[in-house]
Amino acid sequence: MLERFFGGQPAAVVTRLIVISIVVGVILTAIGISPFEIVDSVRRLVQRIYNMGFETVEWVFRYFWLGAIVVFPVWIASRLWSVYASEPESDAGKRRAARDSMADTPPPGGAA
């Protein structure tokens, strides 16, 4: 079971990992990179990604408001237009006729 997990004899795999780690450590030291610099670089990378994420949210939010100032009034106007434009002519005519007939009738009680 351990051989399957390690991909070979556990002692041999651990020995290879130790040797490779020492070689990589020597190379990084020759280049002038310390473990603290790597940790600091990773921390800065995470901080930049974090900051970039919120800058992106702010950027998207600004463009949303800019577009919403135009899109929502146009949408409301189109919805109102479709409601009034799709109203059947017969219903509008009936309402108009009812309104006109009310204007022609005398008030109750016979006072003019």
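The values are calculated or read from the model by the stated rules, or taken from the named source; none is laboratory data. What you are looking at is a predicted structure, and each value in this text was computed from that prediction instead of being measured. All Cβ positions, even for glycine, are placed from backbone atoms using ideal geometry, and neighbour counts span all protein chains on display.
Odds and ends about this structure:
- Residue, nearest to the chain's Cα centre (by Cα), within the range 18-32, restricted to residues that are surrounded by 11 or more Cβ atoms within 10 Å (Cβ to Cβ) and not hydroxyl-bearing (Ser, Thr, Tyr): 28
- Search result, residues across the range 38-59 that are closer than 27 Å to residue 27 by Cβ and of a type in the set (Gly, Ala, Ser): 41
- Filter pass, residue 105 being modelled with pLDDT of 80 or more and hydroxyl-bearing (Ser, Thr, Tyr): no
- Test: residue 67 is surrounded by 10 or more Cβ atoms within 10 Å (Cβ to Cβ) and outside any helix (DSSP H, G or I): no
- Selection count, the range 1-13, where residues are part of a helix (DSSP H, G or I), of a type outside the set (Phe, Trp, Tyr) and modelled with pLDDT under 90: 5
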